[in-house]
1. Could you name the aspartates and glutamates in cross-link range of residue 129, using Cα to Cα under 16 Å and dropping any fewer than eight places away on the same chain?
2. Which shape class, rounded, prolate or oblate, goes with region 1-81 when its Cα gyration tensor gives a ≥ b ≥ c as root eigenvalues, a/c under 1.5 marks rounded, and past that a/b bigger than b/c marks prolate?
3. Could you report region 38-92's accessible area per residue, 1.4 Å probe, as an integer in Å²?
4. Bins of 10 Å, beginning at zero and ending with the bin holding the largest distance: percent of Cα pairs per bin for region 77-116, please.
5. Among 4, 34, 55, flag the residue with its Cα farthest along the positive direction of the charge dipole of the chain, charges on Cβ as +1 for Lys/Arg and -1 for Asp/Glu.
6. If each Cα of region 1-137 is one equal point scatterer, what is log10 of I(q)/I(0) from the Debye formula at q = 0.10 Å⁻¹?
7. Could you tell me which of the pairs 28/56; 28/111; 56/84; 56/111 are separated by over 19 angstrom between their Cα atoms in the structure shown?
8. In debye to the nearest 20, how big a dipole does the chain give about its Cα centre with +1 on each Lys and Arg Cβ and -1 on each Asp and Glu Cβ?
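The values are calculated or read from the model by the stated rules, or taken from the named source; none is laboratory data. Please read all numbers here as calculations on a predicted model, not as lab measurements. Cβ placement follows ideal geometry from the backbone for every residue including glycine, while neighbour counts extend to all protein chains displayed. The accessibility values were calculated without ligands, DNA or RNA, using every heavy atom of the protein model including side chains. Shrake-Rupley method; radii C 1.70, N 1.55, O 1.52, S 1.80 Å.
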Amino acid sequence: MPGIREKRVLPYSSEQMFDLVADVGRYKEFLPWVIATRIRANSETEMTADMVVGFKSLRESFTSRVQKDRPNSLQVHYVDGPLKDLDNSWTFSPVEGGGCEVDFCVDFTFKSRVFEKLAGQYFDRAFRKMVAAFEARADALYGSSNSSAQSVA
């Protein structure tokens, strides 16, 4: 299963970053390729959500179950959709002097090995664009980071 990981130190608290990532219902406002979301169930510790992603005329929907441990982590498990498997995790750790380290990891498997090889070539770029979108959203909600974010990948 191909995977990718990004760690960044951001000037926002673990609680702020957890809340931003856990707010799946607002993803279409700032994440590239997210067309729609629907929250099926939501509690303090777990959420089930549908997401429609697309590019040009291509559209796919999938369902995920999210385990929440506020403000420390979110574990996202694939339930149904066009892939064979998709798991991602977000971990938020406070850093000395304020802010937090965000550790984001995605692992995925396509149903078709041929498609996996083709799409895998573009996944890294798409992943980096998503990480940048979350960081820009944090800047918009909580104040500009003034380029103080540090990549530790």
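1. 6, 29, 103, 139
2. Note, shape of region 1-81 comes out prolate.
3. The answer is 59 Å² per residue.
4. Binned Cα distances yield the sequence 26, 34, 21, 15, 4.
5. Of the listed residues, the answer is 55.
6. Computed log10 I(q)/I(0) values: -0.32.
7. In this structure, 28/111; 56/84; 56/111 exceed 19 Å between Cα atoms.
8. Rounded to the nearest 20 debye, it is 700 debye.
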